[in-house]
Amino acid sequence: MGMFEQAWMRVSATVPLEPEVLVDDGTVYATLSYKPIGVVGAIGPWNWPMLISIWQIAPSLRMGNTVVLKPSENTTLSVLALCHVLNQVLPAGVLTVVAGDREVGAAMPGHPGIDKIMFTGSVATGRRIAEGASGTLKRLTLELGGNDAGIVLEDAFGDDEEANDAVAEGIFWGAFINTGQTCAALKRLYVPAAIYDTVCQALVRVARRMPMGVGLAEENVLGPLQNRNQFDVVDRLVEAAKASGADVLIGGDPDREAAGFFYPTTLIADIDPDDPLVVEEQFGPALPIIRYTDLDQAIAQANSLDVGLGASVWSSDKAAARAVAERIEAGTVWINAHGAIDPRVPFGGIKSSGYGVEFGVEGLKHVAVPHVING
């Protein structure tokens with residue numbers, strides 16, 4: 001178990017959630033507390049299998065529930081190992097792992113013995129889970145696709161190359177963490193025309209310093225895509241962008257016959273805002289960089305898709321950045337960072353990126369049921 005999993009478990013175990021006095025006026029005395037739901041059915045993804053499993057398990061157990069966990073069929077062994085460790089100290093039956101293919105996951109939303117579903121994954125699967133849960137009116141937490149936008153303001157980059165590279169590195173890791181296989185990764189970057197070339201050049205410099213390869217070689221900081229299907233999605237979208245006339249600044253030339261699903265770090269410039277690489281979630285190491293001349297237009301383009309998990313604004317003026325952030329339709333908007341999740345801070349999406357939140361006090365409330373006593 002890694003340090004991130006341990007940190008989330010510690011916060012989930014210790015964050016306070018005390019009964020709240022709602023009204024105490026001498027006539028009415030109303031309190032609000034939270035009780036266990038019962039059985040939480042957790043369906044995990046393949047991109048962060050152990051960490052996201054902890055996001056589901058830890059708060060559910062803290063609030064007094066039991067958990068039935070179905071790991072992704074692509075990453076079963078790591079989750080089985082994680083739960084084996086946890087079950088060394090948990091009472092029997094508190095945490096149960098049910099491994100299997102998609103049919104197992106599909107059976108959980110309609111199962112009468114499960115009281116809530118937590119799911120992280122695709123929008124399409126999230127919709128099927130919501131449909132399956134409708135017959136029993138299960139509570140749901142759905143953290144679905146993102147296709148997160150980042151908006152760079154003109155003052156974010158200047159004449160100092162070293163300072164520019166520092167900002168570019170933050171943007172780079174916002175996009176390419178886990179080789180882009182993160183729901184809340186930065187997946188489309190809007191850059192003003194006045195600094196467009198400067199930003200592109202800085203990102204290329206940073207990308208060239210980030211070696212990709214087998215993880216057993218400690219110099220590598222980027223690895224492969226997890227499965228062939230995801231490799232093919234990224235490949236298709238990049239090839240379509242190239243065919244449209246977009247400019248490949250770096251990457252875009254995978255060795256399709258090599259062992260492993262290594263897709264090279266790819267930056268695509270001068271791309272149409274409606275290109276498939278922009279409007280579809282690529283979920284891999286390819287970042288489209290869209291030029292804009294009007295900030296209102298960039299905000300409108302960022303908000304134009306039916307997803308809203310995360311977003312970011314990059315500026316040396318935090319007040320200006322917050323003003324833009326207020327206008328962006330996303331569950332979380334970061335300033336001068338992207339994807340910086342915190343176990344103390346609620347996280348969840350809007351629109352087709354799902355509903356319900358995880359983390360912090362609000363996350364605990366979503367794996368419990370409110371209980372009001374009035375009188």
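The values are calculated or read from the model by the stated rules, or taken from the named source; none is laboratory data. Here the structure is a predicted model, which is why all the values come from computation and not from measurement. Backbone-built Cβ (ideal geometry, glycine too); neighbour counts: all protein chains shown.
General observations
- Answer residue from segment 276-316, given it is of a type in the set (Phe, Trp, Tyr) and crowded, with 24+ Cβ neighbours inside 10 Å and is nearest to the chain's Cα centre (by Cα) among those: PHE283
- Close pairs from segment 347-375: first assigned to a strand (DSSP E or B), partner modelled with pLDDT under 95, Cβ under 6 Å, at least 6 apart: PHE347/ILE341
- Selection from segment 1-55 of residues that are closer than 26 Å to VAL98 by Cα and part of a loop (DSSP other than H, G, I, E, B): MET1, GLY2, ILE37, GLY38, GLY44, PRO45, TRP46, ASN47, TRP48
- Some residue of segment 181-189 being under 30 Å from PRO36 (Cβ atoms) and either of a type in the set (A, V, I, L, M, F, W, C) or in the same structural domain as LEU364 (by TED's automatic domain parsing) (or both): yes
- Filtering GLY245, GLY213, GLY174, GLY180 for residues that are surrounded by fewer than 19 Cβ atoms within 10 Å (Cβ to Cβ) and in contact with a strand residue (DSSP E or B) (Cβ under 9 Å, 6 or more places away or on another chain) leaves a single hit, GLY213.
- Yes/no for MET1 being more than 16 Å from HIS371 (Cβ to Cβ) and either surrounded by fewer than 16 Cβ atoms within 10 Å (Cβ to Cβ) or at pLDDT 95 or above (or both): yes
- Filter result for VAL104 (in contact (Cβ under 8 Å) with a residue 24 or more places away in the chain, part of a helix (DSSP H, G or I) and in contact with a strand residue (DSSP E or B) (Cβ under 6 Å, 6 or more places away or on another chain)): yes
- Matching residues in segment 130-147 - criterion: being surrounded by fewer than 23 Cβ atoms within 10 Å (Cβ to Cβ), among the hydrophobic types (A, V, I, L, M, F, W, C) and within 19 Å of PRO71 (Cα to Cα): ALA130, ALA133, LEU140
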